[in-house]
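**Student:** I have a structure here, written as structure tokens, and I will follow up with some questions on it.
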Ligand code: ADP
Ligand code: NI
């Protein structure tokens, strides 16, 4: 019988190998930060620590950017969990968490467990604060987007037509997504951290625009 600790260690190794060269913002260190944060939140919220840790480690393995389809990504994770002999109910829980948090757009299943809320909060917190700002500029750079362009409106204030044809910028990503996240946290512990990171981002934007005018 392989211990939980051993299963976590093997999974870290597996995820590290899968993501070490990933250019899409899902590098290993994002996973490491989200996993540590998920553990902290899980303890505060009395969630199942093992399930949270495993789901956090694997949460980006099924990402559409890394797989031909969502189903294929989910299959990959299921195969891995079977390989390390995780029992069926735990596999189902972990898969339910990952499919409810990681897919963008329509058809997202509702968060059904406390553990899903914990992992989603941990993932969202990594998009905020100083590290969230760094990730935003890195992501925008990798897509060829500008840092900022006063002529480009945030997508949320574009018409449908403009949205379809329009570009975005790194700064606009704050308005499109990052500044909204603090009100979308599930757990009280994450809400507190999100509030601090939110204030830091607002201060960052204040200075950014002050310098832009100079
Ligand atoms: P995750 O699911 O791990 O949060 P995403 O793929 O949604 O990852 O995003 C990766 C990182 O890139 C996040 O920090 C996110 O805020 C940022 N990001 C996503 N879309 C954009 C965008 N259009 N412009 C700038 N940054 C973005
Ligand atoms: Ni993530």
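The values are calculated or read from the model by the stated rules, or taken from the named source; none is laboratory data. Everything numeric in this text was worked out from a predicted model, so none of it was measured. Positions of Cβ are generated from backbone atoms using ideal geometry, with glycine treated the same way; all protein chains shown enter the neighbour counts.
**Student:** Which one of these is at pLDDT below 95, outside the structural domain of residue 60 (by TED's automatic domain parsing) and away from ligand 2 (no atom under 16 Å from the Cβ): 187, 112?
**Tutor:** Numbers: 187 fails: at pLDDT below 95.
Checking each option against the conditions leaves just 112.
**Student:** Let me ask you something else. Quick check on this structure: which one of 48, 123 is closer than 24 Å to residue 3 by Cα and touching a helix residue (DSSP H, G or I) at 6+ places or on another chain (Cβ under 6 Å)? Talk me through it step by step, then tell me what you get.
**Tutor:** On the way: 123 fails: closer than 24 Å to residue 3 by Cα.
It is 48.
**Student:** Right, here's the next one. With 71, 90, 138 as the choices, which residue is assigned by TED's automatic domain parsing to the domain that holds residue 200 and on the phi < 0 side of the Ramachandran plot?
**Tutor:** Numbers: 71 fails: assigned by TED's automatic domain parsing to the domain that holds residue 200; 90 fails: assigned by TED's automatic domain parsing to the domain that holds residue 200.
None of the others qualify; the one that does is 138.
**Student:** Report yes if residue 85 is in contact (Cβ under 8 Å) with a residue 40 or more places away in the chain, more than 14 Å from ligand 2 (Cβ to nearest atom) and farther than 18 Å from residue 22 by Cβ, otherwise no.
**Tutor:** yes
**Student:** Mind telling me which of the residues 139, 148 ends up being more than 16 Å from ligand 2 (Cβ to nearest atom) and either closer than 27 Å to residue 213 by Cβ or without any contact (Cβ under 8 Å) to a residue 24 or more places away in the chain (or both)?
**Tutor:** Working: 139 fails: more than 16 Å from ligand 2 (Cβ to nearest atom).
Within the list 139, 148, the selection yields 148.
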